[in-house]
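The values are calculated or read from the model by the stated rules, or taken from the named source; none is laboratory data. Since the model is a prediction, treat every value here as computed from it, not as a measurement. Reconstructed Cβ throughout: ideal geometry from the backbone, glycine too, with neighbour counts over all protein chains shown. These accessible areas exclude ligands, DNA and RNA; they are computed on the full protein's heavy atoms, side chains included. Shrake-Rupley method; radii C 1.70, N 1.55, O 1.52, S 1.80 Å.
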Amino acid sequence: MRIPIEWLREFLDFDLSAGEVSMKLTMVGLEVEASEEIDGDTVLEVNVTPNRPDCLSIIGIARELAALLDLPLKMPESDIGEEGGPCEVNVGIIDDDLCQRYAGRAIIGVKTADSPDWIKKRIEKCGMRPINNIVDITNYMLLEMGHPLHAFDMDTLNARAIRVARASAGSKIKTLDGVDRDLSENALLIWDSARPVAIAGVMGGADTEVSGKTKNVFLESAYFYPSSIRRTSRTLGLKTEASYRFERGTDIEGLVKALDRAAGLIARITGGTVSKRVDAYPRPYDSKKIKARYQKINRTLGTALSEDEMTGIMKRLGFGVEKAADCFFATAPSFRTDVKNEIDIVEEIARFHGYDRIPVTVPRVPVSGGRKSKHYSYMSLIKESLRRSGFSEVVNYSFMNYSMLDLLNISQDDPRRKTVVLRNPLNVEESHLRTTITPSLIRNLVHNVSMGIRDVRLFETARVFTASGEPLPHEVHHLGAIYLRDKSPVLWKEDAPDLYTVKGALEAVIKELKIEDVRFQPSSEMFLHKGKSSDIYLSGKKAGYIGVLHPDITEALSLKLSKPEVVMLETDLDMLMSLIPDAMVYTPIPRYPYIERDIAMIVDESLRAGDVIDLIRNYKSDLIEEAVIFDSYKGKNIPDGMKSLAFNIRYRAKDRTLTDLEIESVHRDIVETLVKRTGGALRGA
Amino acid sequence: MHPDCPPTFKLTGKIMLDIQEIKNRFIHELAAAGSLYDLQQIRIKYLGKKGILTAKLKSLSTVSESERPAFGRLVNEVKVFIENETDARERFLKRIELDKKLASEALDITLPGKYTAAGSVHPINRVLKEIIDIFVSMGFDIEVGPEVEQDYYNFEALNIPKDHPARDMQDTFYINDDVLLRTHTSPVQVRVMEKKKPPLSFIAPGKVYRCDADVSHTPMFHQVEGLMVDTDISFSDLKGILEVFVRRIFDKDVPVRFRPSYFPFTEPSAEVDIGCILCGGTGCRVCKGSGWIEVLGAGMVNPRVFEMAGYDPDAYTGFAFGMGVERITMLKYSIDDLRMFFENDIRFLRQF
């Protein structure tokens, strides 16, 4: 709401600069967001919160300021002669659930013309465009009093009748802005005897508009039910100064003042005569008493205000106050539709006492200490581990472009196709909620490579969303990572293939969390390199994948690198975290020495080292402490189609020093088993 | 006896000279020994089984009895001298040799070291962690709720019925009439109150969504909600908690200002401003000349919200607050473009 200081001074004598007014208003909840100098006047841009429609006017702001400064408010007078006699327009409210009051006056013998300069200037300062004197005066009154008025060309109203009723099936109207509008049956309309002439509280009709030919005017001042106006305005996508105020709540008692003052101004400026008032007001306003307990107020605020301080504030704000033993009863003025309950009174007292004067205390709560959830702690460990492995965290929008699933060759029956779709997305790229993090990471890669970055290691943890058939989708935490290292010259060589670098980062996480049951099986993902990929299984369930992006997809990304090898990873974090052991348990440090034995074998190159290790680990013997692979080699001295694998087995007993003799038979048996099960041969044997 | 040997009593001086000569020769040769090999040759020559001094000692019998003790002493003295000098020389040469070896192994220390550069934590999550740590240290727990939320929790139960103008304060992404992307973390308040009884104090961090994208809005951003409910929680407590928080998160004794505002789910409601940390309150571009920056929304829990959650509004009071993590992050690190957060450019990410 734009408030010219000069206009404000018409209703209140105050001795404050524009800056001081701004500060006062801001600190009472009417935030001044900006101010502008126009013709030697300062216009304040006041942010009026939705609960305070009474402040959407010059009078409203003046009234608040008057209460704050404890100064008298000079209410404008209206001088109406009512020489026009009884109003010729017949008013009837049909749907009185949506319209509680409809008042009006006829102004007879008007002459439309440009408004006088003082009116034009003021409404322009408030951001409205002058149209003609009659429309401008209704707008002027909207700005001054905060009540929207509407002027009809009275002679265009069939049978000079006004009926306030809902739209009927197929109701249509051409509004002032020249648009033909279909009306839903819920919309409240103003009808004459034959047709809709205005969308109540939103916009008037073009057919009954005040024009250069208008001789007689019917001026409407009504109270429409807020949520009805809001529904209509939203349905039509039509927001006006009037609808903005009606949907927030207008002053059902004060509306006649606005009507009278506008009618008086029109008569004075256009030279017409004003009729008597018509006023359909089936159930007059009855303000209810609100009980406010002194103690409750002080306890809620943490203050020690006296009874008089409290009631004094309410009186200055225009409330009726009746004191009782431990409480008072407040009656809100009709313009304060927002004050209905005790807590609303608490708020008024807090505002006017001043938030800055409320003490600063520490809550008295039982000492329990804050707890970080396990989920939060684990999440921190995971992120920290990935960070140590050189990965930087990204945060992406939770949206994705559905077509990315096609690019990734995700099959039609894949759960990742069960997306949650936004009804009102900003654009098609952001129209579905992510079921996978992979597309976002690919986008991050493309961006960074296009910026000339050649070493990309990124990860993200976020929820993904899968439609569930329930009202709310499944929200599952995923971890995703992407890795690209261009083969440009580096000083210190990294020898492991990139896949193992990413797998190593994942293994570091798994180690950190002390998770056991993780397995890698050939991947079924169509977007991955067949030979350089694996699905991740947690406790026997597929939880994700790790692998090199399929060359076709890498090519489609046009990274402009030669043979880029992009390694990606995505896994279900909730599943991963569910495998974290609840408590850490100390394992005693072994007291007796170990004996080591190495095994080097030549096996078929398709044989997986992990499977061989498993054979050793699954061998039933208490003496095997650990088995690791320490070499995997293809090439010189190894026949084509074969590879050499070397393992180290560490034997140890908990209760004694082992002798070579003791492990001899176990080791020999293991070697034999390996040879038999793998079909390989001992190297150098 | 050696045929050339003069009679003992006459030869004493000659013997002396002879041994002195051996010593002098040794000193000369030792000085010339440039390697451990040379040194070994000298050692053999003088001290070996067939060495010069060994021979001299063997010739003891040829010396007259009266001269024998003196002779023996003298030869021994020279022997010890030669041994010590040889050892010293050996140590010296070994040191030289090792130095040479070390010099030959020299590395160019100006070459860069090898390490796995650690990655980085996204600035939003970095600040989020700080926020969480501060509130946990003040006794708040952590709670979470769904990002895809029911209209009821996001609006209705927070005293924002359908057709309420306050819905205009937030542009909502809808899935259907009843399901939406949460526009704030406040629904977690309701979900927790439905499950737990007071006393309650927790924060709820998370992603929120609004259908808005321009220079100062992104369709997704992060909030931290806070709630404290008990039998006797007051607005002054809210001021206390938030003042501590603000001073700790900005690590400065910044001025804090509470001013009245409106949220349907709190009453009285407040916006919390801090003195502009860039200009110190004199007015700049960031604070739009006002000297103040809005960082939090807060207020006393509206009794309507308690009623809907099944709490007795006469028995309990509480406060709630909410803050935008992006905003605090921007202020902390002087980031002037909100969009940087979601572009995920490594040159940006690596700075944190």
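Give the Debye-formula value of log10 I(q)/I(0) at each listed q (0.10 Å⁻¹), with one equal scatterer per alpha carbon of the range A:524-606, two decimals each. For the range A:524-606, the Cα-only Debye profile gives -0.53. Close amide H contacts of A:ALA222 (hydrogens built in the peptide plane, cut-off under 5 Å, sequence separation of 5 or more or a different chain): A:ALA103.
Computed over the Cα atoms of the range A:488-627, pair by distinct pair, the Kirkwood hydrodynamic radius stands at 18.2 angstrom. Largest to smallest in accessible area, the residues A:GLU512, A:GLU347 fall in the order A:GLU512, A:GLU347 (1.4 Å probe, all protein chains included). Taking 21 Å as the straight-line reach from the Cα of A:LYS239, the lysines in range (excluding those fewer than 8 positions away in the same chain) are A:LYS125, A:LYS172, A:LYS174, B:LYS162.
Note: relative contact order over chain B, using C-alpha pairs below 8 Å and six or more positions apart, is 14 percent. When the Cα convex hull of the range A:111-175 is projected onto planes of every orientation, the mean area is 6.1 nm². For the pairs A:LYS563/B:LYS114; A:LYS74/A:LYS257; A:LYS315/A:LYS340; A:LYS487/A:LYS636; A:LYS213/A:LYS276, flag any whose C-alpha to C-alpha distance is greater than 21 Å. In this structure, A:LYS563/B:LYS114; A:LYS487/A:LYS636; A:LYS213/A:LYS276 exceed 21 Å between Cα atoms. The ratio of the alpha-carbon radius of gyration of the range A:208-313 to the globular-protein estimate 2.2 N^0.38 Å is 1.62.
Here the relative contact order of chain A, from alpha carbon pairs under 8 Å that lie six or more residues apart, stands at 9 percent. Taking all Cα pairs closer than 8 Å and separated by 6 or more residues, the relative contact order of the range A:104-241 comes to 29 percent. Which value results for Rg/Rh of the range A:145-189 when Rg is the Cα radius of gyration and Rh the Kirkwood radius based on the inverse mean 1/r? Over the Cα atoms of the range A:145-189, Rg/Rh equals 1.00. Computed from the Cα positions only, the extents of the range A:311-461 along the three principal axes stand at 75, 41, 35 Å, in decreasing order. Taking Cα centre as origin and charging only the Cβ of basic (Lys, Arg, +1) and acidic (Asp, Glu, -1) residues, the dipole magnitude of the range B:212-309 rounds to 420 debye.
For the range B:112-213, the alpha carbon positions stretch 65, 38, 19 Å along the principal axes, listed from largest to smallest.
Between B:ALA315, B:ALA298, B:ALA157, the GNM of chain B built on Cα springs shorter than 10 angstrom shows B:ALA315 fluctuating the most.
Using the Cβ-Cβ distance between A:ASP356 and A:ASP180 with R0 = 60 Å, the FRET efficiency computed as 1/(1 + (r/R0)^6) comes to roughly 0.65. Computed with every protein chain present, the accessible area of B:CYS211 is close to 30 Å² [probe 1.4 Å]. In plain terms, the C-alpha convex hull of chain B casts an average shadow of 35.3 nm² when viewed from every direction. Most simply put, the range A:75-189 has about 55% antiparallel DSSP beta bridges, counting only bridges with both residues inside it. Expressed as a whole percent, the accessible area of the range B:58-126 that falls on carbon and sulfur atoms is 56 (1.4 Å probe). About its Cα centre, the dipole of the range B:56-124 is roughly 120 debye, where the only charges are +1 on Lys and Arg Cβ and -1 on Asp and Glu Cβ. Dipole magnitude for chain A: about 1140 debye, using +1 per Lys or Arg Cβ and -1 per Asp or Glu Cβ, origin at the Cα centre. Counting Cβ atoms of other protein chains within 10 Å of each residue's Cβ and taking the mean over peptide A:344-355 gives 4. Take the accessible area of B alone and of A alone, subtract that of the pair with a 1.4 Å probe, and the total buried over both chains is about 7500 Å². For B:THR110, the solvent-accessible surface computed with a 1.4 Å probe is close to 110 Å², ligands and nucleic acids excluded. Of the Cα atoms belonging to the range A:616-685, the radius of gyration and Dmax stand at 14.0, 46 Å. When the residues A:GLU20, A:GLU460 are ordered by accessible surface, computed with a 1.4 Å probe over the protein chains alone, the sequence from largest down reads A:GLU20, A:GLU460. The Rg/Rh ratio of the range A:365-426, with Rg taken over Cα atoms and Rh as the Kirkwood radius over Cα pairs, comes to 1.17.
At q = 0.16, 0.17 Å⁻¹ the log10 of I(q)/I(0) for the range A:389-476 amounts to -0.68, -0.76, computed by Debye summation with a single uniform scatterer per C-alpha, solvent ignored.
Distance from the alpha carbon centroid of the range A:458-490 to that of the range A:352-425 works out to 12 angstrom. Shielding by partners for peptide A:371-381, expressed as the average number of C-beta atoms from other protein chains within 10 Å of each residue's C-beta, is 3. Computed across the range A:1-158, the Kirkwood radius stands at 17.6 Å (inverse of mean 1/r, all Cα pairs). Residues of the range A:383-414 falling in the label zone of A:ASP552, defined by backbone nitrogen less than 18 Å from a point 7 Å along Cα to beta-carbon, are A:403-414. Once the mean of 1/r is taken over each pair of separate Cα atoms and inverted, the range A:261-363 shows a Kirkwood hydrodynamic radius of 16.3 Å. Entry note: the protein assembly as shown has Rg to Rh equal to 1.23, where both radii use alpha-carbon atoms and Rh is the Kirkwood radius. Other residues lying with their Cβ under 15 Å from the Cβ of A:GLU36 contribute a combined charge of -2, Lys and Arg counting +1, Asp and Glu -1. As a ratio to 2.2 N^0.38 Å, the alpha-carbon radius of gyration computed for the range B:176-239 takes the value 1.38.
For the range A:161-228 versus the range B:210-237, the inter-centroid distance based on Cα atoms is 41 Å. In chain A, helices alone account for a calculated mean residue ellipticity at 222 nm of -8500 deg cm²/dmol, with every DSSP H run of four or more residues adding -39,500 (n - 2.57).
With viscosity 1.306 mPa s and temperature 10 °C, the Kirkwood radius over alpha carbon pairs of the range B:47-149 converts through Stokes-Einstein to a diffusion coefficient of 71 µm²/s. Couplings 3J(HN,Hα) of the range B:88-95, computed from phi: 4, 5, 5, 4, 4, 5, 4, 4 Hz, in residue order, whole Hz [Karplus 6.51 cos²θ - 1.76 cosθ + 1.60, θ = phi - 60°; x for Gly and Pro]. Each DSSP beta bridge with both residues in the protein assembly as shown is either parallel or antiparallel, and the antiparallel ones are about 95%. Per-residue SASA remark: A:GLU626, around 90 Å² accessible (1.4 Å probe; ligands, DNA and RNA not included).
The Cα atoms of the range A:142-280 define a convex hull whose projected area, averaged across directions, is 8.0 nm². Per residue, the convex hull spanned by the Cα atoms of the range B:107-155 amounts to 163 cubic angstrom.
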